[in-house]
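The values are calculated or read from the model by the stated rules, or taken from the named source; none is laboratory data. Remember, predicted model here, so these are calculated numbers, not experimental data. Cβ: placed from backbone, ideal geometry, glycine included. Neighbour counts: every protein chain shown. Keep in mind that these areas ignore ligands, DNA and RNA; they rest on the heavy atoms of the full protein, side chains included. Shrake-Rupley method; radii C 1.70, N 1.55, O 1.52, S 1.80 Å.
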Amino acid sequence: MNINRRLFMGTGAAATVALSAPMVRAAGHGKPRVVVVGGGAGGATAARYIAKDSEGAIDVTLIEPTRTYYTCFFSNLYLGGFKEFDDLGHTYGTLASAYGINVVHDWAVGVDRDARTVSLAGGASVPYDKLILSPGIDFVEGSVPGWDISVQNVMPHAFKAGSQTELLKAQVEAMPEGGLFVMIAPPNPYRCPPGPYERVSMIAHTLSKINPSAKILIADPKEKYSKQGLFEAAWQKYYPGMIERLGPDFGGGNVTVDPSAMTVDIDGEVEQAAVVNVIPAMKAGRIAELAGVTDGNWAPINPEDMSSKADPDIYVLGDAAAQGDMPKSGFAANSQAKVCANAVRGALTESRVFPAKYTNTCWSLVSENDGIKVGASYEPAEGKISSIEGFVSQTGEDAAVRQATYEESEGWYAGITADMFG
Amino acid sequence: MRAAAILALCAFPAFANEAEELLLAETGDAEYGEYLASECTSCHQISGAMDGIPPIVGWDEIAFRLTMHHFRNKTREHQAMNVIAARLGDEEIAALSAYFATLNPEDDG
Ligand SMILES: Cc1cc2nc3c(=O)[nH]c(=O)nc-3n(C[C@H](O)[C@H](O)[C@H](O)COP(=O)(O)OP(=O)(O)OC[C@H]3O[C@@H](n4cnc5c(N)ncnc54)[C@H](O)[C@@H]3O)c2cc1C
């Protein structure tokens, strides 16, 4: 254990930065160790709650390659001109300084489940008693013929936020007058079910100001999608004639792209586009697969505590998990992280463990001060996370209700980011 | 303030109906409340800051319990809060009220 720790610290100095509070660190010997891979909605929350509630009794290491986490949530509002890019960025300083979490900026590249170690790209090996994986998503190769990750700077996905989101916005702003924006929507299941359609709303909002004769075409492999009636009503009200969606009946699922020609072939009809936003099919972040906890594209979990069905010492949170009835959202990942943190703490320190309960709400902005939402409560049942009761905004709600819904989403953004990063 | 609230909890006001009386008589387990509160802090900031969602820290326990009860029985309507409160029993509401009452709006967290 000591050798590993020294190795980890040694390599850490060369390849990574461990922003840890020295006092907590020095006292760390012999304490149970939790390693969290991925500092997003699930991972940052789990690390923070375990460190906060165990009051130093558990040594928490958070492995995350990026120094600034840009939230996907609200990234569409940036595309619509309602947020600045910097509003989306959050750093790990408080998790390190106020909670004593060892924040290691590196990639996890392997998990040795027998030795219970995580190997890092920098060469270090980090031992764990409990491992929490919250790596988000990766894309399924070949799901959109003609597209692969090497052309993401020509046809961006912007489904992992950061430079991809900035690029997509710059492309939209540079569209020629009357140009065509094409979105290739993803098949189920994918992160943020209303996300593509909120994005269309926000891009339409931007275009209606700077390029009102531009058009938006959505090629969609799905019959139906989240909050569809609400989105369609909003598009008709705010952006009439701008947006067209081709579902599977009209070949929306039979798409090939050519990034060098900037064309999209939809069921044999070739469209010349100014911007092509390809949102491919998704699967669990690769480290989940490398750890051997996936079955197909996602990692099955026990709904009582988010532990992997493949290994009781590994927990999988958020988008990477096969999370039953819950949609893949930041809200859901944050909710699961708190159930998991309570269970992990109980397993390692015998603190009290309470029954799992989960909640989700997904807000979408469709135009200025016009917000819609869908949400539900969940609990473990029949071996999965099962929904109990839900709600959704209605078409024809008055403007005051919609504005209150939008303001709530602002409150939630402030709340969840404080809950993740301290 | 706190002492007054506890006193009032024992001799709850006469206008409370039976369901409310039972809820107000429940003892709140603040440790359970802290766990349950983690569901609330995705929206309500623990710091007491207000950005489109009202703060709920440092409330009087009776007012807190009755407010949650009204969300639960839908006499106060709000889509998200109605669904959230619907699955809280008296024990859970009491636990939440006990925990949130320990937080001071001026504290940082
Ligand atoms: C356009 C868009 C809009 C959205 N809007 C909303 C919304 O309004 N509300 C909502 O609730 N959700 C929304 N979402 C969904 C939300 O962003 C995700 O569901 C959420 O981020 C999932 O959390 P996670 O912890 O699973 O993954 P993430 O938050 O993606 O975090 C994963 C982290 O793991 C790191 N990582 C990956 N692999 C490794 C590795 N091998 N080693 C170390 N670190 C690794 C990554 O760098 C990343 O920081 C939206 C998503 C998109 C794309």
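To the nearest 0.05, how large is the calculated FRET efficiency for B:Asn17 and A:Asp114 if R₀ is 41 Å and r is the Cβ-Cβ distance?
Between B:Asn17 and A:Asp114 the formula returns 0.10.
Give me a single rounded figure for A:282-291: the average over its residues of other chain Cβ atoms within 10 Å of their Cβ. Can you show the working numbers first?
Numbers: counts 0, 0, 0, 0, 0, 0, 0, 0, 0, 0.
Mean shielding by partner chains, rounded to a whole number: 0.
Let me know the charge dipole size of the protein assembly as shown about its Cα centre in debye, to the nearest 20, where only the beta-carbon of Lys, Arg (+1) and Asp, Glu (-1) is charged.
Details: 40 positive and 66 negative charges, 206 e Å.
It comes to approximately 980 debye.
Report in % the part of the accessible area of region A:285-346 that belongs to carbon and sulfur, leaving out ligands and nucleic acids; probe 1.4 Å. Spell out each step's value before the answer.
On the way: 690 of 1620 Å².
Ligands and nucleic acids excluded, carbon and sulfur give 43 percent.
Size of the dipole of region A:146-278 about the Cα centre, Lys and Arg at +1 and Asp and Glu at -1 on the beta carbon, nothing else charged, in debye to 20? Write out the running numbers ahead of the final one.
Values: 11 positive and 15 negative charges, 125 e Å.
Roughly 600 debye for region A:146-278.
Tell me the net charge near A:Ala356. Cut-off is 10 Å between Cβ atoms, A:Ala356 excluded, with +1 for each Lys or Arg and -1 for each Asp or Glu. Mind showing how you got there, number by number?
Values: positive: A:Lys338, A:Lys357; negative: A:Glu304, A:Asp305, A:Glu379.
Net charge in that neighbourhood comes out at -1.
What does DSSP give for region A:146-278 in terms of the percent of beta bridges that are antiparallel, rounded to the nearest 5? Can you show the working numbers first?
Numbers: 8 of 21 bridges.
Expressed as a percentage, antiparallel bridges in region A:146-278 total about 40.
Scan region B:32-74 for trypsin sites (Lys or Arg not before Pro) in coil per DSSP, keeping those whose Cβ has at most 16 other Cβ atoms within 10 Å, and list them by number. Don't jump to the answer; show the numbers that get you there.
Working: sites: B:Arg65, B:Arg72, B:Lys74; in loops: B:Lys74.
Of the trypsin sites (Lys or Arg not before Pro), the ones in loops of region B:32-74 whose Cβ has at most 16 other Cβ atoms within 10 Å are B:Lys74.
Of A:Lys83/B:Lys74; A:Lys83/A:Lys373; A:Lys31/A:Lys283; A:Lys52/A:Lys283, which ones are farther than 27 Å apart at the Cα? Provide the component values of the computation, followed by the final result.
Values: A:Lys83/B:Lys74 35 Å; A:Lys83/A:Lys373 19 Å; A:Lys31/A:Lys283 34 Å; A:Lys52/A:Lys283 31 Å.
In this structure, A:Lys83/B:Lys74; A:Lys31/A:Lys283; A:Lys52/A:Lys283 lie more than 27 Å apart at Cα.
Taking all protein chains in place and a 1.4 Å probe, what share, in percent, of the accessible surface of region A:132-177 do carbon and sulfur account for? Mind dumping the intermediate values first?
Working: 1000 of 2040 Å².
Summing carbon and sulfur atoms, their accessible area is 49 percent of the total for region A:132-177.
Please list A:203-214, A:327-338, A:281-292 highest first by mean number of surrounding beta-carbon atoms within 10 Å per residue.
Working: A:203-214: 17.8, A:327-338: 27.7, A:281-292: 21.6.
In decreasing order of mean packing, A:203-214, A:327-338, A:281-292 become A:327-338, A:281-292, A:203-214.
Between B:Asn73 and A:Leu290, what is the FRET efficiency for a Förster distance of 35 Å, r being their Cβ-Cβ separation, to the nearest 0.05? Mind showing how you got there, number by number?
Numbers: r = 50 Å, r/R0 = 1.42.
Efficiency, rounded to the nearest 0.05: 0.10.
Give the shape of chain A as rounded, prolate or oblate, defined through the alpha-carbon gyration tensor: a ≥ b ≥ c are the square roots of its eigenvalues, a/c under 1.5 means rounded, and otherwise the shape is prolate if a/b is larger than b/c and oblate if not. Write down the numbers at each step before the final one.
On the way: a/c = 1.93, a/b = 1.68, b/c = 1.15.
Because a/c hits 1.5 or more and a/b exceeds b/c, chain A counts as prolate.
With a 10 Å radius around each residue's Cβ, average the other Cβ atoms per peptide and rank B:80-91, A:353-364, A:395-406, highest first.
Numbers: B:80-91: 17.8, A:353-364: 22.3, A:395-406: 14.2.
Most protected by this proxy first, the peptides run A:353-364, B:80-91, A:395-406.
Kindly identify residues of region A:337-375 having a loss of at least 40 Å² in accessible area between the isolated chain and the assembly of all protein chains, probe radius 1.4 Å.
A:Lys338, A:Arg352, A:Phe354, A:Lys357, A:Thr359
Tell me the total accessible area that A and B bury against each other, 1.4 angstrom probe, in square angstrom rounded to 100. Kindly include the intermediate steps, with their values, before the conclusion.
Details: alone 17020 and 6580 Å², together 21190 Å².
Summing both sides, the interface buries roughly 2400 Å².
Just need the relative contact order of region A:146-278 here, percent rounded to a whole number, with Cα pairs under 8 Å and 6+ apart.
On the way: 209 pairs, mean separation 43.7, N = 133.
Once divided by the residue count of region A:146-278, the mean separation gives 33 percent.
Leaving out ligands and nucleic acids, and using a 1.4 Å probe, what accessible area per residue does chain A come to in Å²?
Values: 15880 Å² over 422 residues.
Counting only protein heavy atoms, the per-residue value for chain A is 38 Å².
Across peptide B:39-49, what mean number of C-beta atoms from other chains lies inside 10 Å of a residue's C-beta?
Numbers: counts 8, 3, 8, 17, 12, 4, 8, 3, 3, 0, 4.
Counting Cβ atoms of other protein chains within 10 Å of each residue's Cβ and averaging gives 6.
Calculate the mean, over all residues of peptide A:409-421, of how many other protein chain Cβ atoms lie within 10 angstrom of the residue's Cβ. Mind dumping the intermediate values first?
On the way: counts 3, 3, 10, 8, 3, 8, 12, 4, 1, 8, 9, 1, 0.
That average works out to 5.
Which percentage, to the nearest 5, of the DSSP beta bridges contained in the protein assembly as shown is antiparallel?
Numbers: 42 of 73 bridges.
If we restrict to bridges inside the protein assembly as shown, about 60 percent are antiparallel.
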